[in-house]
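These notes concern the structure reproduced below.
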Amino acid sequence: MQRDLRLDNVGRRYGLRGPWVLRGVHLTVTPGDLIRVEGPNGTGKSTLLRLVAGIDTPTEGRITGRPRTAYVPERFPTALPFTALGYLTHLGKVHGLSRPAAARAALEWLDRFGAAAHARTPMAQLSKGSSQKVAVVQALLAEPELLVLDEAWTGLDAAAREELERAVAERTADGTAVVFVDHDPSRLAGAPDATYTVRDAGLDLRAERAAAQPVGPLMTVVVQGTRGAQLPADAARTVISAEEPEPGTHRVTLPASHSDVLLRALLTARPPWHVVSVSQDPPATEPRPTPDTESRR
């Protein structure tokens, strides 16, 4: 993702005299951003995500800086004349992969999500959960610069939900921007760079990461590097807080979903870091209130 995606004074309504679903929306998405969108049902969250994904066009205003984008819709069509593997291989070819490379990547992703056994099942015969796994895989297979997830965790089993969180962490660490909606307030808690609320046809910045109070499971990791070494950039962006109790030793706290990305960044650094300990912190029983900045952009 070489440049920002920008929504400038964007509005959307359906029909010449229909009510405005969104109006006066300003949003900038930069490489590596993780952005959460919230709001009650019917407020326009899915409309916003379709605009961000390029599936829909604005009625007024403009959108610039279109990156290579993949999208998981709220409702994924299942009555397609393909097997799961055939569909994913076809999409991989559309994205520029050779047939063998596309099939190999599709099988690897299906295996990660526990759906490899259904690779040759016709799409129309898949269960809702398996179909949702295919919906997620088709987006990740594209290696997008912008990943848009509209309730993508809905219908997935617990293991697949955790795998999607890991995949999001991996993608953002590699510079992919992710914009998502999810009904679970603990989803990727503490990780988003910004949280927006769709309200009264507008978009309000509710919280930025520095002010957010994570409510999901957290990990504390103690690592050692050379004296004076700073955490690698890919590792530093995953953490919520960090301290250096003694030269070369760092204690960091981060969402559990991002721990694999942190450890991979530290262990593949040159010179590599030594992991002293990894522990999971008890989750908060409830989120602490954060100030509503009410910053309509």
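The values are calculated or read from the model by the stated rules, or taken from the named source; none is laboratory data. Every value quoted in this text rests on a predicted model; they were computed, and no experiment measured them. Note that each Cβ is placed from the backbone with ideal geometry, even for glycine, and that neighbours are counted across all protein chains shown.
Laid out as a table, the results:
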item: Hits in region 209-230 (condition: under 19 Å from A191 (Cβ atoms), part of a loop (DSSP other than H, G, I, E, B) and either of a type outside the set (A, V, I, L, M) or modelled with pLDDT of 85 or more (or both)); result: Q213, P214, G216, P217
item: Those residues of region 26-42 which are farther than 16 Å from T172 by Cα and in contact with a helix residue (DSSP H, G or I) (Cβ under 7 Å, 6 or more places away or on another chain), in sequence order; result: V37, G39
item: Listing of helices (runs of 4 or more DSSP H) fully contained in region 21-124 that carry 3 or more residues being in contact (Cβ under 8 Å) with a residue 40 or more places away in the chain; result: 45-53, 84-94
item: Every residue from region 1-25 that is surrounded by 13 or more Cβ atoms within 10 Å (Cβ to Cβ) and either in contact with a helix residue (DSSP H, G or I) (Cβ under 9 Å, 6 or more places away or on another chain) or charged (D, E, K, R) (or both); result: D4, L5, R6, L7, D8, V10, R12, R13, V21, L22, R23, V25
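The rows are residues; the columns are (1) in contact with a helix residue (DSSP H, G or I) (Cβ under 9 Å, 6 or more places away or on another chain); (2) in contact (Cβ under 8 Å) with a residue 12 or more places away in the chain; (3) in a loop (DSSP other than H, G, I, E, B); (4) among the hydroxyl-bearing types (S, T, Y).
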| position | (1), (2), (3), (4) |
| --- | --- |
| Q138 | yes, yes, no, no |
| E143 | yes, yes, yes, no |
| V148 | yes, yes, no, no |
| L156 | yes, yes, yes, no |
| A160 | yes, yes, no, no |
| E163 | yes, yes, no, no |
| R171 | yes, yes, no, no |
| F180 | yes, yes, no, no |
| H183 | no, yes, yes, no |
